[in-house]
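Notes for the one structure printed next.
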Amino acid sequence: MRRRSLLKLLLCMCWVPAWRKAAAAARRPGFAAATQEQALAELYPGVAPRMTPKIRIEAFDLTEDGALVPLKIHAGLPRVRALTILVRDNPSPLLAVHRLGEGVEPLLELRIKMAQSSPVTVIAETEQGLFMNRRVVKVAVGGCGDP
């Protein structure tokens, strides 16, 4: 009888983390997507962002280590509500969705992880719609793999 109780307990301990991960992914659309297109479809269903040079993505053309890739993003658009950052060839392409408050300048400086050389896409959500820009960042050593 003790063996059955122990097996039930172990089964529950294994099942709960998987359930929590699935529940967290359901609350945060796009983060469980395997491709950039899936993430965009979950975040912005039926809406295609338009390309604009008003979103500036500053990054090194070649980065030695993909574990720390510095980015500077500035959206020169009026009333930006959110900035979404995606890296197409990462295992999880959606990196972040930054919600901005009223009157906040849409300027981000951050470091991201990249598995390999890939386009970095930034989408700005405004009152006028979705706008995007893209920049290819080359990585010498990937940062998302096993150490």
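The values are calculated or read from the model by the stated rules, or taken from the named source; none is laboratory data. Worth saying up front: this structure is predicted, and the values here are computed from it rather than measured. FYI the Cβ positions are ideal-geometry reconstructions off the backbone, even for glycines, and counts take in every protein chain you see.
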Checking Ala75 against (1) surrounded by 13 or more Cβ atoms within 10 Å (Cβ to Cβ); (2) under 14 Å from the mean Cα position of the chain (by Cα); (3) in contact (Cβ under 8 Å) with a residue 40 or more places away in the chain, only one condition comes out false. Which one? (2)
Condition check for Ala124: assigned by TED's automatic domain parsing to the domain that holds Glu58, outside any loop (DSSP other than H, G, I, E, B) and among the hydrophobic types (A, V, I, L, M, F, W, C): yes
